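Working notes for the structure below.
The values are calculated or read from the model by the stated rules, or taken from the named source; none is laboratory data. This one's a predicted model, so the numbers in the text were calculated from it and none came from an experiment. For neighbour counting, all protein chains shown are included, and Cβ atoms are generated from backbone atoms with ideal geometry for every residue, glycine included.
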Amino acid sequence: MEEPEYSINQRIAVLVDLKAKGNKSSFARHIGVAPSVVSDILGGRKNKPGFDILNKIASAYSDVNTSWLLLGEGEIFTSGGDTPLTQTNVSGKKNAVNIAGGKATQTNTTLSDCEKERDLYRAERDLAQKEVALLRDQLAMKDDLIAAKDEMLQLLRGGYNRPN
């Protein structure tokens with residue numbers, strides 16, 4: 001038997017992209033599972049989804065070709081709509097695939113592109129964390145200044161109320 005081009009986890013990732021515009025939480029809500037279940041499947045922390053998950057996907061998206069979902073055979077959708085489909089292929093190499101009767105466009109993203117994007121997001125996160133730390137320091141200095149001004153006011157008021 002010939003190996004399918006994409007693993008079942010990758011096919012589910014394609015469905016998340018197509019049906020939920022890449023939003024894993026939205027996809028999870030639509031099929032009736034916790035977002036962590038979808039994240040585990042897409043992140044490779046769960047080897048392969050069980051029958052219950054596949055059944056929920058097939059029930060929630062009746063236009064998905066179950067042969068494609070389960071085996072990677074045939075077209076993605078059973079009904080050929082007029083709207084073009086977009087498939088994202090994440091792999092270590094770029095390749096061309098004709099899907100959905102030629103109506104789809106495919107965006108090939110290499111693993112190195114994903115790693116670069118991940119690194120950019122990490123850099124942004126680190127920068128945001130540094131900014132938060134600086135803002136916390138500024139808040140602490142503000143509190144210290146207010147406390148010092150309150151103490152100064154108390155001392156000044158005390159000096160004027162004393163008899164000479």
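A few notes on this one:
- Qualifying residue in segment 29-41 (condition: under 20 Å from SER62 (Cα atoms), crowded, with 18+ Cβ neighbours inside 10 Å and at pLDDT below 90): yes
Every residue, every condition in (1) surrounded by fewer than 10 Cβ atoms within 10 Å (Cβ to Cβ); (2) within 30 Å of ILE76 (Cβ to Cβ); (3) modelled with pLDDT of 95 or more, yes or no:
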site: CYS114; (1), (2), (3): no, yes, no
site: ALA123; (1), (2), (3): no, no, no
site: ALA128; (1), (2), (3): no, no, no
site: LYS142; (1), (2), (3): no, no, yes
site: ILE146; (1), (2), (3): no, no, yes
site: MET152; (1), (2), (3): no, no, no
site: LEU155; (1), (2), (3): yes, no, no
site: GLY158; (1), (2), (3): yes, no, no
site: ASN164; (1), (2), (3): yes, no, no
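- Residue in segment 12-19 that is modelled with pLDDT under 85 and either out of contact with any Gly (no Cβ under 8 Å at 6 or more places or on another chain) or under 26 Å from CYS114 (Cβ atoms) (or both) present: no
- Restricting segment 59-81 to residues that are within 22 Å of the chain's Cα centre (by Cα) and part of a helix (DSSP H, G or I), the residue that is surrounded by the most Cβ atoms within 10 Å (Cβ to Cβ) is LEU69.
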